[in-house]
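A quick write-up on the structure given underneath.
The values are calculated or read from the model by the stated rules, or taken from the named source; none is laboratory data. The model shown is predicted, which means the values in this text are computed figures rather than measured ones. Ideal geometry is used to build each Cβ from the backbone, glycine not excepted, and the neighbour counts take in all protein chains shown.
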Amino acid sequence: MKRYRLREQMNGIDEPPGKVWFWELAAAVIDADRCIQCGTCVAACPSNSIGVGELGLPELVKMCTGCSLCWDFCPRGGLRYEALWPPSSSAEDGAPAVVRSDASDPYWKISGGPPADGLGAIVGRYAVRSATRNRGVQDGGAVSALLVALLESGDIDGALVAKPSSDPDEPWKGVATIARTPDEVLEAAGSFYNQTMALAQLDLARYQLGPDPRLAVVGTPCEIQGIRAMQSRRWATGAHRVDSVVLTIALMCTKSFDYEGLIVRELRDKRRVDLERVAKIDVVDGKMIVEYRDGQRAVDEPIKHFHGTALKGCDECADFLGRSADISMGSVGSLSGWTSVLIRTDRGLAAFERARPRLDIRALDDPDALVRLDNLDKRVAFRSLGRPFDPDGPLFVDYEAHVRHYAGSDRRAVVHAR
């Protein structure tokens, strides 16, 4: 990207130092096919100048003021998201982890802590499923059970989740929404493998939630990264109520997919999947599984067959475990029909205890499986950055060079620590 190209369009007016414009974010992230469609830039903009375009990508809807916040908080722009990970000491099974929150701590590494503690900072780890078998849930239904418990107890007023699109031409496409009742939570049960620009839904004007709503957010690790970063740095916010988020739940994730590429081209057109008959789409044990309502498997293939439809920016992420969330949840590490739960904060623990009567809980089956997939995810991320993975090494020491490669040598990387 050419340096200072915007100045040439500003009628000779000198640009104040340190400004980053949306057009530069667009060039370095969106146009470079690195956007992960988290919606952080939309939520961060204090002038409400960024919206969601027809292609589901961020776009400028009115004048950019050059405040730089869209760049600062973008997980593929200026945000060094690893600084949001609280390192923890190694702990014997059953012993509480010692959480360090000082970014100068010598253990501040890409692993989130000493190499022996591959799961990062946790205060509890379990295999969990809903005590009530609800239809349509993914894995053990633990996320839905947790949210229902928090809504019914009055601890939250709503939850940012993904629900099925109401457009009949978009089967199996997830769209972001605020679920305000247990029924709405259950209607949104199950997983979708496309990103939804979820944080753009934090403009709560369309929802009747009162003046001081309390929300839980269920999202991919990158969405939680954006929330954590925005909450750690206060500014005159726009319409998006980042301050309303009181609980974050990360869905363990190695990559998200382009809806048209995965659902339409690969499943419907190439494999002739009848999307109207599909009951479940899941990624289990490295395979893409598509099941019909009668139990027949329409697709059972290695997930690598579908990597061409994944969002390219996902390759740069080393946060499979969602280390900056209050709770991380996913299927890896637990038997079929159960959900792996990593509780990371006191807020997460309080929420989990609130839902305990609704859950079947036992010891996590295979925590090493989580560590193995996390290390694989890091290797992919480091490879995308052009350097080998060293689990004992420091953070992305060449991160500034990576930023300069995409965004010009005058752009900065921003560290947000808790």
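For (1) buried (at least 16 other Cβ atoms within 10 Å of the Cβ); (2) modelled with pLDDT of 90 or more; (3) closer than 24 Å to Ala216 by Cβ, each residue gets a yes or a no:
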| residue | (1), (2), (3) |
| --- | --- |
| Pro302 | no, yes, no |
| Asp346 | no, yes, yes |
| Phe352 | yes, yes, yes |
| Leu373 | yes, yes, no |
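Taking Gly295 as meeting all but one of (1) in a strand (DSSP E or B); (2) more than 30 Å from Leu209 (Cα to Cα), write down the number of the exception.
With respect to (1) in a strand (DSSP E or B); (2) more than 30 Å from Leu209 (Cα to Cα), Gly295 is out only on (1).
I'd like to know if segment 296-311 contains one or more residues that are of a type in the set (Ser, Thr, Tyr) and more than 19 Å from Lys255 (Cβ to Cβ). So that I can check it myself, show each step before the final result.
Narrowing segment 296-311 to residues of a type in the set (Ser, Thr, Tyr): 309.
Right, trim to more than 19 Å from Lys255 (Cβ to Cβ) and you get none.
Checked against the condition, which is being of a type in the set (Ser, Thr, Tyr) and more than 19 Å from Lys255 (Cβ to Cβ), segment 296-311 yields no hits at all.
Could you check segment 209-219 and list, in sequence order, the residues that are in contact (Cβ under 8 Å) with a residue 24 or more places away in the chain and out of contact with any Leu (no Cβ under 9 Å at 6 or more places or on another chain)? Outline the logic, then answer.
Within segment 209-219, the subset in contact (Cβ under 8 Å) with a residue 24 or more places away in the chain is 209-210, 212-219.
Hits for segment 209-219 are Gly210, Asp212.
Taking Arg268 and the conditions (1) crowded, with 20+ Cβ neighbours inside 10 Å; (2) in contact with a Leu (Cβ under 6 Å, 6 or more places away or on another chain), which numbered condition does it fall short on, given that it satisfies the others?
Only one criterion is unmet by Arg268, namely (1).
Name the one entry in Thr65, Thr40 that is at pLDDT below 95 and not charged (D, E, K, R). I'd like the intermediate steps shown before the answer.
Values: Thr40 fails: at pLDDT below 95.
Being at pLDDT below 95 and not charged (D, E, K, R) holds for just one of Thr65, Thr40, which is Thr65.
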